[in-house]
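Presented below is the structure to which this report refers.
The values are calculated or read from the model by the stated rules, or taken from the named source; none is laboratory data. Since we're looking at a predicted model, the values are computed, not measured. All Cβ positions, glycine included, derive from the backbone under ideal geometry; neighbour counts span all protein chains shown.
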Amino acid sequence: MATEFGAVSLVPPLLAIALAIVTRRALLSLFVGVWIGGVINVAGAGIDGPVDVLTLPFVGVVEAFDWIVPAIGDSTTNAEIIVFTFLLGAGIALLWRLGGSLAVGQAAAGVVDSHRKVGVMAWLLGIVWFFDDYANTAIVGSAMKDIADTMNMSREKLAYVIDSTAAPVATFGISSWTAFQIGLIEGQYAEMGIAGQTPSATVTWLWSIPFNVYCLLAVLMVGIVVVTQRDFGEMLDAETRARETGKVTRDDANPLQSMKADLGEPVTDDPRLRTFVVPVVVLVAVVVGSAAVTGYAPGRSAVGVAENANFTGALVWGSFAMVATAIAMGVGEGAMDIDEAMETVLDGFGIMLHAVSILVLAWSIGSVAGALGTGRYVTNLAEGVVTPTLLPIVILYASAFIAFSIGTSWGTMSLVTPVAVPMAWEIGGGDPQMVAVAIGALFSGAIFGDHVSPISDTTILSSTFAGSDHIDHVRTQIYYALTVILVATVVYLAWSLVGSTYAMAILLPLGVVALAGIVYALSEFDAARKNVPAKPFSGESRGSAPGDD
């Protein structure tokens, strides 16, 4: 990969991220980042010779679209994610119009009757659905959004719960992530010629789970926050607003999805729970079944099936089955005719247009980073300062910075694995445990970078399905993500001093205790500073009837 642009290669992604946070306009910020990347690339490489300074901005636009267009069509995976997102939007629109979303809220009203219970249910659903992070955000967000509105949970809080369980859980479950991770390790073992000297890639991945400290603690941090109902930073502001005013988004927010505004009222006054449950069950069954069928071969283990499964294709087939089922139920039960059903499908595509546009530009920023050598530049910087004690810390923060800059944890894993595995093998003197430590730290850093980056696809989708303003979600989640990575850093340093794998059995629980203490202390401090209750939802707080806006 090219590295001749050096530190300049950091400009496009960091500029896009800074603009997004400051202006709260993700689309504009991302396009500016891609365009600046085009200008830098053209200025550095030239097109048939030096380019005149006056023409650089215009040639940069041409270069920008040379990245944007392939981001839509050149990658089959990207295209499948776009189709899946549109189809899921259509399915969600049909569930809304048929009254399924309202029925879920009504059915849960007697059980999920407090702010705490909404948070705990969303957290547990996020843990249970470990097969894929995209499907996780869609299913949990769709199931919980109206119930969360009823209990006056801010959309920012719901987006945080979804985002901080989806990808972290997928990194240590049987999922598309697991298959991808194992494949990267296996490929690197083959490239280095050490496959016979190490445990299998699958075993290395299993060994890495205790060292995937950020992801483990991030999931538990969500539990601490929803159970204690203590918040700090901008999340405390959002939750206080929702509790005191009933406004689940701020007045001038720009939610990536708004059901009532985009789709109108449901077509029935008697919503039935089956209208939601049946299409979602079909979605889950088809996704899991399709993944199993595409990955199956005689004699393969469950992990082997996951390694070879076509998860993105399964998501497309599952979301289509969800749409077809919802249409059949709506038309068959006389709730809508076929023309109205197809209009709703098109409206569902429309509510996802903003999210898909951001996804495409986020992928384009990734292409810019690839062309300018951003990932390789950061990784090369990290290589020069690594010692055995600092190995997990350096890999953690190098991968975190890359993921933050390019907006993709998978891309970060692809960039860093070819450097991290050989580096860990050499520094550890051929000890496979050091490779597992490096892999765990790499996965942790990649997910943290995703959580704090407004150009991350999973973060975008979490905002979408929670109905949150995207930049508001990023700004509120940053405080919690930073808290978790600081505790993770201490855990890694403590492990480096002890040097035993089994030490994690003690260090991880201590990390959870530390997180609980920090949440309590920061919530008390921030609440006193802002003159608001540190624990706003101390009782069985109930809000108004479910509503999208």
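Are there any pairs, at least 6 apart or on different chains, whose C-beta atoms fall under 8 Å, with the first in the range 321-345 and more than 19 Å from Phe84 (Cα to Cα) and without any contact (Cβ under 8 Å) to a residue 40 or more places away in the chain and the second of a type in the set (A, V, I, L, M, F, W, C) and crowded, with 19+ Cβ neighbours inside 10 Å, and if so, which?
Close Cβ pairs (under 8 Å, with a partner that is of a type in the set (A, V, I, L, M, F, W, C) and crowded, with 19+ Cβ neighbours inside 10 Å) amount to Val331/Ala341; Ile338/Ile327.
Restricting the first residue to the range 145-159 and requiring it to be over 22 Å from Tyr479 (Cα atoms), which pairs with a second residue that is of a type in the set (Val, Ile, Thr) and crowded, with 24+ Cβ neighbours inside 10 Å meet a Cβ separation below 6 Å and a spacing of at least six or different chains?
Ile147/Val118; Asp149/Val248; Met151/Val118
How many residues does the range 408-447 hold that are small (Gly, Ala, Ser), free of Cβ contacts under 8 Å to residues at least 60 places away in the same chain and not in a helix (DSSP H, G or I)?
2
Please find, among Leu124, Leu87, the residue that is buried (at least 24 other Cβ atoms within 10 Å of the Cβ) and either assigned to a helix (DSSP H, G or I) or at pLDDT 90 or above (or both). If you could, list the steps in order and put the result at the bottom.
Details: Leu124 fails: buried (at least 24 other Cβ atoms within 10 Å of the Cβ).
The match here is Leu87.
So how many residues does the range 448-463 have that are of a type in the set (A, V, I, L, M), at pLDDT below 90 and not in a helix (DSSP H, G or I)? Reasoning before the result, please.
Going residue by residue through the range 448-463, those that are of a type in the set (A, V, I, L, M) are 452, 455, 460-461.
This time we only want the ones that are at pLDDT below 90, so: 455, 460-461.
Checking the rest, the ones that are also not in a helix (DSSP H, G or I) come to 455.
Of the residues in the range 448-463, 1 are of a type in the set (A, V, I, L, M), at pLDDT below 90 and not in a helix (DSSP H, G or I).
If the requirement is being at pLDDT 80 or above, under 30 Å from Val532 (Cβ atoms), assigned to a helix (DSSP H, G or I) and out of contact with any helix residue (DSSP H, G or I) (no Cβ under 7 Å at 6 or more places or on another chain), which of these qualifies: Ala238, Ala242? Don't jump to the end; show me each part of the working.
Numbers: Ala238 fails: out of contact with any helix residue (DSSP H, G or I) (no Cβ under 7 Å at 6 or more places or on another chain).
Matching residue, one of Ala238, Ala242: Ala242.
Hey, could you check the range 322-348 for residues that are touching a Ser or Thr at 6+ places or on another chain (Cβ under 9 Å) and among the hydrophobic types (A, V, I, L, M, F, W, C) and say which is surrounded by the most Cβ atoms within 10 Å (Cβ to Cβ)? Before you say what the answer is, go through the steps one by one.
Looking only at the range 322-348, we keep the residues that are touching a Ser or Thr at 6+ places or on another chain (Cβ under 9 Å), and these are 326-327, 329-330, 333, 335-336.
Then drop every residue that is not among the hydrophobic types (A, V, I, L, M, F, W, C), which leaves 326-327, 329, 335-336.
Working: Ala326: 30, Ile327: 21, Met329: 21, Ala335: 21, Met336: 20.
Only one residue tops the list, namely Ala326.
Would a scan of the range 438-447 turn up a residue that is crowded, with 21+ Cβ neighbours inside 10 Å, modelled with pLDDT of 90 or more and more than 17 Å from Thr204 (Cβ to Cβ)?
yes
Quick one: what pairs do we get from the range 94-109, first residue of a type in the set (Lys, Arg), second modelled with pLDDT of 70 or more, C-beta under 6 Å, 6+ apart or different chains?
Final answer for the pair search is Arg97/Pro266; Arg97/Val267; Arg97/Thr344.
Counting only residues that are modelled with pLDDT under 75, give me the helices (runs of 4 or more DSSP H) lying completely in the range 300-381 with at least 2 of them.
Values: elements: 302-308, 311-332, 338-351, 353-372.
The qualifying helices (runs of 4 or more DSSP H) are 302-308, 311-332, 353-372.
Applying the selection to the range 285-299, what residues are surrounded by fewer than 16 Cβ atoms within 10 Å (Cβ to Cβ), in a helix (DSSP H, G or I) and not polar (S, T, N, Q)? Don't jump to the end; show me each part of the working.
The first filter runs over the range 285-299 and keeps only residues surrounded by fewer than 16 Cβ atoms within 10 Å (Cβ to Cβ), leaving 285, 289, 292-294, 296-299.
Keeping just the survivors that are in a helix (DSSP H, G or I) gives 285, 289, 292-294.
Ala285, Gly289, Ala292, Val293 - these are the residues of the range 285-299 that are surrounded by fewer than 16 Cβ atoms within 10 Å (Cβ to Cβ), in a helix (DSSP H, G or I) and not polar (S, T, N, Q).
If I filter the range 497-536 down to residues being over 29 Å from the mean Cα position of the chain (by Cα) and hydroxyl-bearing (Ser, Thr, Tyr), which single residue comes out as modelled with the lowest pLDDT?
Ser500
Go over the candidates Ile21, Ile36 one by one and state the one that is modelled with pLDDT under 85 and assigned to a helix (DSSP H, G or I).
Working: Ile36 fails: modelled with pLDDT under 85.
None of the others qualify; the one that does is Ile21.
Within the range 392-403, is there a residue that is crowded, with 24+ Cβ neighbours inside 10 Å and either within 12 Å of the chain's Cα centre (by Cα) or acidic (Asp, Glu) (or both)?
Within the range 392-403, one or more residues are crowded, with 24+ Cβ neighbours inside 10 Å and either within 12 Å of the chain's Cα centre (by Cα) or acidic (Asp, Glu) (or both).
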